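The values are calculated or read from the model by the stated rules, or taken from the named source; none is laboratory data. Keep in mind that what you see is a predicted model, and the values were worked out from it rather than measured. Note: ideal-geometry Cβ built from the backbone for every residue, glycine included; neighbour counts use all protein chains shown. Heavy atoms of the whole protein, side chains included, go into the accessibility calculation; ligands, DNA and RNA do not. Shrake-Rupley method; radii C 1.70, N 1.55, O 1.52, S 1.80 Å.
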Amino acid sequence: MLPKPLVLALSAVALCGAVYAGVRPVGPLPPLGGLLDPVSGVWGAAGNAVLPRKATVAIPGLEGTVDVRYDDRGVPHIFATTEEDAYRALGYVVARDRLFQLDIQTRAASGRLTELVGARALELDETPRLLGMPRAAEQKLAAVDPNSEARRILDAYAAGVNAYIDSLKPRDYPIEYKLLNARPERWRSINSIHLLNRMGWTLASGDPDHMLVRAAALVGDSAARSVFPQHTPIEEPIQPQPGWTAPHDRFETIVAPGAPDRTAIALSSLYQRFRTDDPGAESQPAFASNNWAVSPARTKDGYALLACDPHLELTLPSIWYEVHLVVPGKLDVYGVTIPGAPAVIIGFNRDVSWTFTNTAADVMDFYRETVDDSINPARYMLDGRWRPLSRRIEQYRDQSGRVIHTDTVRYTHRGPMTKEHGHWVSMRWTVLEPSHELQALHDASHARNTHEFQDIVSRNFLAPAQNMLVADRNGSIAIRSTGHFPIRAGDGDGETIRDGSTSTSDWQGFWPVDKYPQSFDPPQGFLASANQEPETPESEFGYLGTDHGYEVWRALRINELLRANARVTPDDMIRWQTDPGSMRADLFVPYFIAAAKTERARGRSNAALDSAAGLLAQWDRTYALNNQRAVLFEAAMRELSDRTWDELTRNGVRVATPTTAVLAELMSQPGNAWWDDRRTQNIVEDRDDILAQSLVAAYDSVTRKYGAPDAGGWRWDRIRFTNIYHLLHIPAFSALRIPVPGGTGTLTPSTGTGHYGPSWRMVVEMGPEVHAWGTFPGGQSGNPMSPRYSDHLAFWEHGELQPLLVPRTAADLPAAATSATLDLRPTR
């Protein structure tokens, strides 16, 4: 049998095609001979796969000794005498475990991947630069007081990363550098801001207004606004409503498709550069997340409980790194950080626990600008006067440092400007605005109660807007949708491209904090957010977003579970995180079955329809791994969406898809004109016709692809998988085809591609002593040959959370639970 390092190296090289062993590179990879070098090749990575049992390192800048104890899950517990030392040590240990991840994700955020892999990454690099993200990071760093605690922590973290890099010899470089024939780059403080800007791009760049415009270009403005409403037709808001004991429907008659809107036709082409969605897919946020908290009155043991379940892109190594920081009398915080961020993002201290979900607010607006030269503008018109455009030259370099491409990015006072189909369009986006998110997260780690936590983050955390849920040891729970929410002029919404020639189109300010969607200690005794609409239209201060930015099914399910249990335990919270129940299936399955019955009554039934309806009737509507009916339902929903929204198709491609909440609204209108298939002659279809056709088509396609219903091919664990790829998509370094329970709209949503999912599951009990459980899909190490690379994955796959150790002192971590120690000392 080949040694594991050699197997992994061969697998990685084979990814790029034929290998000319030891002769010349293939694509971005080095010669195979270099990889097999016994000193500096892949064997070097194998030699660093396990942390030494004991190590002592001197690093510059420390004020005192830092004691780092790694527990039996590979989590570093950092005990320092000052906070700057704690964060310097954090930079060191993160680099020790995740150096390549630190490097590549920062290059991606700042648009510098070409320096690693050459011109093939040029398009990826252009995106953040044309959006103004590196410029914004520079401005944010410049705005940080150089003498402030925030800047000292940023610089200390950077110094810790660099201390580790400086200690390396080429043989010690992570294997990815050897595959790319590259070397680590020294860390700069601005990299942490690049990283947070990238998270802003991930979480705050949705385009619900684009969907509306694209739809209006095909079916007219009235019909488009009817199927892309500002507010969801099924309400289970984050901010609880007094007296509500169930969700509310806000169903209205959906306007029939009409003539294309000429203005929308002209506008739709201007959005192309900023498009981020898949308009043909059933609406489901890829970055879906859940969180909920329960008051002591509704828990079995009388302590507040909090559950955390952010769903993000899944990678190996994981987006998260688990850590515990202790500075006696000042700081004691446990949780997860993103490698590169000098802060615990989600976690707890001795008094409060916190977590976030995405608010999905509309915080990106566009302006059609009037310029002095359509080819090479230098000025733009504002209020009848010409203003100079700012210019920034963006140079892209390859691995050798040679400039391979140059862009000129122009800026108005609103933000970056690009040319789309002959028109210059500028953008304003909260992620580019001055803000201090790292300061907010650092200060929040010291909070002592829910009010203090929410006040701290509301001052400085501006983007991406998050639903911040917190529970404290006093039994209080609270949630607030926190971020900068623009106040727009005129019609008050962000659903169009505005006239950039007048300042009346500009944002008029931001919502005051007391108008944010929020709730403290609600009478119902629990709070839950799952990317649903934060509040009802009657409660809303102004325009926050549209229905297409929200999703309701997970919120319905978690609220149903919470309402039904008045003695919640931590085990309940853990079990609910992988609950396979589906409110979406509960609503739509009866419609399919009833439609089959109607077709029989009309004399239009057939064997396929009867069989399909019978199979759906057998299903318990859960997405358990062994169920054999969810595949039929999902196929039927795809067919139903295709048939219902065929009016939103152009040149064979659907350009916009309403949410399934809107589809549920349409289900209540069996004769609505949207059901009619305009392609059929002298026939007017109704709801049951389309449902029956969809079910038959689904049955036919599923049997063709997977065989007979009970032959085993329909089992969910053979159809829907999670795929967790290595950062370079190297199969040997990835975890692929992992069967997991859940489907579209369940608490563990499955998108079908398997690239997104629960990234960090945590449950915290805020008793006299804090107790917590957690896991993520991966491990602490970024070294594919380390036993810590994916050792948490089996727990994650089976929905199991591991107890989190929270020692108050280094001596409190039992020897049996200590896997390694690291003694960091000041240089002399």
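Report the gain in length on full extension from SER222 to HIS248: 0.36 nm times residue separation, minus Cα-Cα distance, nm rounded to one decimal. Mind showing how you got there, number by number?
Values: separation 26, 0.36 × 26 = 9.36 nm, distance 2.40 nm.
Once the chain is fully extended between SER222 and HIS248, it gains 7.0 nm.
In the stretch 379-534, what is the volume of the convex hull around the alpha carbon atoms, normalised per residue and reported in Å³?
Spread over its residues, the Cα hull of the stretch 379-534 gives 187 Å³ apiece.
Dipole of the chain, Cα-centred, from +1 at each Lys and Arg C-beta and -1 at each Asp and Glu C-beta, to the nearest 20 debye?
In debye, rounded to 20, the chain gives about 2320.
Roughly how many whole Å is it from the C-alpha centroid of the stretch 628-678 to that of the stretch 781-828?
Here the two parts' Cα centres lie 48 Å apart.
What are the residues whose amide H is under 5 Å from the amide H of LEU382, where those residues sit 5 or more places off or on another chain and H is modelled from the backbone?
The list, which skips near neighbours in sequence, is ARG387.
Can you give the Kirkwood hydrodynamic radius of the stretch 682-730 from its Cα pairs, in Å with one decimal?
13.9 Å
Rounding to the nearest 10 and keeping the result within 0 to 90°, find how far the Cα-based axis of helix 190-203 lies from the longest principal axis of the chain.
20 degrees
What list of ³J(HN,Hα) couplings, whole Hz, do you get for the stretch 810-816 from phi and the Karplus terms 6.51, -1.76, 1.60, once you set θ to phi - 60° and write x for glycine and proline?
Karplus values, whole Hz, x for Gly and Pro: 4, 5, 7, 7, x, 4, 5.
Tally the DSSP beta bridges in the chain and give the antiparallel ones as a percent, rounded to 5.
85 percent
Tell me, what is a quarter of the convex hull surface for the C-alpha atoms of the chain, in nm² with one decimal?
36.8 nm²
Sort HIS405, HIS451, HIS726 by accessible area with a 1.4 Å probe, largest first. Please list the in-between numbers first.
Details: HIS405 60, HIS451 100, HIS726 0 Å².
Largest to smallest exposure gives the sequence HIS451, HIS405, HIS726.
Which whole-number percent of Cα pairs in the stretch 521-566 have a distance greater than 14 Å? Don't skip to the end; give the middle numbers.
Details: 592 of 1035 pairs.
Distances greater than 14 Å cover 57 percent of the Cα pairs.
For the stretch 510-616, what ratio Rg/Rh do Cα atoms give with a Kirkwood hydrodynamic radius? Could you put the intermediate results ahead of the total?
Numbers: Rg = 20.1 Å, Rh = 17.6 Å.
Checking Rg against Rh, the ratio lands at 1.14.
Towards the positive end of the charge dipole of the chain, with charges on Cβ (+1 Lys, Arg; -1 Asp, Glu), say which of GLN399, LEU462, ALA156 has the farthest Cα.
Value computed over the given set: GLN399.
Lysines near LYS178 by alpha-carbon distance under 18 Å, same-chain residues fewer than 8 away left out - which ones?
Excluding near neighbours in sequence, the set is LYS4, LYS169.
I'm checking a number: the convex hull volume of the Cα atoms of the stretch 649-705, normalised per residue, in Å³. What is it?
Convex hull of Cα atoms, per residue: 124 Å³.
Would you calculate the separation in nanometres between label points at LYS515 and ILE487, each defined as 7 Å from the Cα along the Cα-to-beta-carbon direction?
Between LYS515 and ILE487, the simple spin-label model gives 0.5 nm.
Kindly express, to the nearest 10 degrees and within the range 0 to 90, the angle between helix 133-142's C-alpha long axis and the longest C-alpha principal axis of the chain.
Helix 133-142 and the main axis of the chain meet at about 50 degrees.
Hey, got the dipole for the stretch 700-828? About the Cα centre, +1 on K and R Cβ, -1 on D and E Cβ, debye to the nearest 20?
Numbers: 11 positive and 10 negative charges, 90 e Å.
Here the stretch 700-828 has a charge dipole of around 440 debye.
Using bins 5 angstrom wide from zero, how does P(r) for the stretch 416-484 break down, in % of all Cα pairs?
Percent of Cα pairs in each bin: 3, 16, 21, 18, 11, 8, 7, 5, 5, 3, 2, 0.
Can you give me the relative contact order of the chain as a percent, contacts being Cα pairs under 8 Å and 6 or more apart? All intermediate terms of the calculation are to be shown ahead of the outcome.
Numbers: 1821 pairs, mean separation 164.2, N = 828.
Averaging sequence separation for qualifying contacts and normalising by length gives 20 percent for the chain.
Could you work out the helix-only [θ] at 222 nm for the chain, with each DSSP H run of four or more residues adding -39,500 (n - 2.57) and the total divided by the number of residues, to the nearest 500 deg cm²/dmol?
The per-residue figure over the chain is -9000 deg cm²/dmol.
With an 8 Å Cα cut-off and a minimum separation of 6 or more residues, compute the relative contact order for the stretch 325-422 in percent.
After rounding, I find 12 percent.
Just name one of PRO580, ALA613, TRP645: the one whose Cα is farthest towards the positive end of the charge dipole of the stretch 546-652 (beta-carbon charges, Lys/Arg +1, Asp/Glu -1).
Toward the positive end, the furthest listed residue is ALA613.
For helix 83-110, report the angle its Cα long axis makes with the longest principal axis of the Cα atoms of the chain; keep it between 0 and 90° and round to the nearest 10°.
Its long axis makes an angle of about 50 degrees.
Please give, to one decimal in nm, the separation of the simple spin-label points placed at ALA58 and LEU736, each 7 Å out from Cα toward the Cβ.
4.9 nm
Enter the Cα centre distance for the pair the stretch 168-245 and the stretch 419-473, rounded to the nearest angstrom.
So the separation of the two Cα centres works out to 14 Å.
Evaluate the relative contact order of the stretch 491-572 (contact order divided by residue number), counting alpha-carbon pairs under 8 angstrom at least 6 apart; express in whole percent. Walk me through the numbers on the way to the answer.
Values: 37 pairs, mean separation 27.2, N = 82.
For the stretch 491-572, the relative contact order is 33 percent.
Using only the Cα atoms of the stretch 623-757, what do you get for the radius of gyration and for Dmax, in Å?
17.5, 58
Determine one quarter of the surface area of the Cα convex hull of the stretch 58-146, which equals its mean projected area, and express it in nm² to one decimal.
Values: hull surface 32.7 nm².
For the stretch 58-146, averaging the hull's shadow over all directions gives 8.2 nm².
How would ARG554, ARG379 line up by accessible area, probe 1.4 Å, largest first?
ARG379, ARG554
So, R0 is 60 Å and r is the distance between the beta-carbons of ALA564 and GLU138; what FRET efficiency does that work out to, to 0.05?
Efficiency, rounded to the nearest 0.05: 0.70.
Over the stretch 98-240, what percent of the accessible surface lies on carbon and sulfur atoms, probe 1.4 Å?
Here carbon and sulfur together make up 48 percent of the probe-accessible area.
Once the piece of chain linking ARG392 and ILE404 is laid out straight, how much longer is it, given 0.36 nm per residue of separation minus the C-alpha distance between them?
Gain in length upon complete extension: 2.6 nm.
I need the Debye-formula profile for the stretch 333-467: one equal scatterer per C-alpha, no solvent, reported as log10 I(q)/I(0) at q = 0.09, 0.14, 0.20 1/Å, two decimals.
-0.46, -0.82, -1.07
Along the charge dipole of the chain, Cβ charges K/R +1 and D/E -1, which of HIS324, ASN565, PRO52 sits furthest on the positive end?
PRO52
Would you kindly give the portion of the calculated P(r) for the stretch 401-441 that falls above 10 Å, as a percent of all Cα pairs?
Of all Cα-Cα pairs in the stretch 401-441, 78 percent lie more than 10 Å apart.
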